[in-house]
Every structure is written in structure tokens, then in C-alpha cells.
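*Asks:* Next up is a structure, given as C-alpha cells.
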Amino acid sequence: MSSQVTLQSELFMPTATTNDLRWQAVLARDSKQDGKFFYGVTTTGIFCRPTCPSRRPAEKNVVFFDDTQQAAHSGYRPCMRCRPLAADGDPTRALVRKVCAYIDANLEEPLSLSTLGRQFRLSPFHLQKTFKSALGISPKEYVDARRMRLLKSDLRSGHSVTTTAASSRHDAG
């Protein structure tokens, strides 16, 4: 009977430990794990998010923490690249959120890539690349989708087709 209990307990043993899964998330820079845990590098005394763009340390030099307080209490200082203490996390995502908010607030204006680039002090190329890598669509596609949503909303609320169409003619770059 004891061999049966041993066999049953072996069936329910996990195949990978939590730290193994966390290490895989660090290697993959898995954004779904961002904020769920942090890792410290014993050789540098720095702790990071799993998505940190820095060079990966050797696995033997990594310790994992459930939160930033635990890492700081253990004597690690926050990384300056991934900013684990920042509420908004990844600075790129924070920028894209700001661009989206600006677009949403200015849908009635012409919103070219050059205009957006000047507003956020980025080259049009860099803005396009950053935006597309974060959202999977270009700023123009985002503007067009938001304007289409606004157009449909205006039509549903009883505005005339002529008035609605005239207010949505601006082009994005």
C-alpha cells in the first residue's frame, strides 16, 4: 500500500519548480510575467523586472523575489533600465499610452506622424517603430480605428451623416 501512495504522490509532483519557470520567463522577457516577480543579480546587487532589456546574467547568479520590497530589503537596488519601482513599468509602454491618450484627445485635428513626433520629441521613424512594436499597429491605423469608432458613435447618437463625415476627414501620417 505504501508503494501505491508513493506512486500517487509522484504523479502530482510538478515537473518544473517555480524558480525554473521564472528563469524561463526572464530568458524570454515574458511581458505577461512583468510585475508578478522580480529577479536580483548577486554579482551586481541590482534587481530587475523579467522584461528587462539588459544582458542576461548567469542563472547561478540570480535570485527571485515576489515583490520589490523583498528585493530592496535583501539589499538589492533597482535597475535603471527597467525601473522596477516605476508604477507604469516599461517606459516604452508608458510612452505609447501617452501617445494613445494624446490621439484620443485630439481626434478632430490632423494627426500626422510628424505632428506626433514633434509632440513627443521623437523622430517619426522612432515613434512609428516604438508604437508598432508595443501595439502591433501603426499610429495611423490606431488613429483610423479611433476615428471610425467616433464616427459610428456619432451616427448612432443621431448626428447627420454630412456633419459626422465632415468632422472626420483629417488624415494621419
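The values are calculated or read from the model by the stated rules, or taken from the named source; none is laboratory data. Here the structure is a predicted model, which is why all the values come from computation and not from measurement. When we count neighbours, we look across all protein chains shown, and the Cβ atoms used for this are built from the backbone with ideal geometry, even at glycine. What goes into the accessible areas is simple: the full protein's heavy atoms, side chains included, and nothing from ligands, DNA or RNA. Shrake-Rupley method; radii C 1.70, N 1.55, O 1.52, S 1.80 Å.
*Asks:* So, in segment 16-27, of the ones that are more than 15 Å from P57 (Cβ to Cβ) and in a helix (DSSP H, G or I), which residue ends up least open to solvent (accessible area, probe 1.4 Å)?
*Replies:* Here the residue is D20.
*Asks:* Looking at the structure I just gave you, is F12 under 19 Å from D67 (Cα atoms) and either at pLDDT 85 or above or out of contact with any Cys (no Cβ under 6 Å at 6 or more places or on another chain) (or both)? Step through it out loud before you land on a result.
*Replies:* Working: under 19 Å from D67 (Cα atoms): no; either at pLDDT 85 or above or out of contact with any Cys (no Cβ under 6 Å at 6 or more places or on another chain) (or both): yes.
Considered against the rule, which asks whether it is under 19 Å from D67 (Cα atoms) and either at pLDDT 85 or above or out of contact with any Cys (no Cβ under 6 Å at 6 or more places or on another chain) (or both), F12 comes out as no.
*Asks:* Right, another one. What are the residues in segment 53-79 that are in contact with a Lys or Arg (Cβ under 6 Å, 6 or more places away or on another chain) and buried (at least 16 other Cβ atoms within 10 Å of the Cβ), if any?
*Replies:* Listed by number, the list holds a single entry, F64.
*Asks:* Now for a different question. So for segment 139-148 (the condition being modelled with pLDDT of 90 or more and either within 30 Å of T44 (Cα to Cα) or in contact with a Phe, Trp or Tyr (Cβ under 6 Å, 6 or more places away or on another chain) (or both)), does at least one residue qualify?
*Replies:* Yes.
Per-residue answers, yes or no, for (1) modelled with pLDDT of 90 or more; (2) more than 18 Å from G35 (Cβ to Cβ):
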| site | (1), (2) |
| --- | --- |
| D66 | yes, no |
| G75 | yes, yes |
| P78 | yes, no |
| C82 | no, no |
| A87 | no, no |
| L111 | yes, yes |
| R118 | yes, yes |
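*Asks:* State whether the residues of segment 117-135 include one that is among the basic types (K, R) and under 23 Å from S31 (Cβ atoms).
*Replies:* The answer is yes; a qualifying residue exists.
*Asks:* Another one. Does R121 satisfy the condition of being open to solvent by 60 Å² or more (accessible area, probe 1.4 Å) and more than 17 Å from the chain's Cα centre (by Cα)?
*Replies:* Answer is yes for this residue.
*Asks:* Restricting segment 89-100 to residues that are buried (at least 18 other Cβ atoms within 10 Å of the Cβ) and either modelled with pLDDT of 90 or more or among the charged types (D, E, K, R) (or both), which is farthest from G35 (Cα to Cα)?
*Replies:* Among those residues, the one meeting the criterion is V99.
*Asks:* Just to be sure, is A105 modelled with pLDDT under 90 and either open to solvent by 70 Å² or more (accessible area, probe 1.4 Å) or over 20 Å from the mean Cα position of the chain (by Cα) (or both)?
*Replies:* no
*Asks:* Return the residue satisfying two criteria in turn: it lies in segment 124-154 and is of a type outside the set (D, E, K, R) and surrounded by fewer than 14 Cβ atoms within 10 Å (Cβ to Cβ), and of such residues it is farthest from T51 (Cα to Cα).
*Replies:* S153
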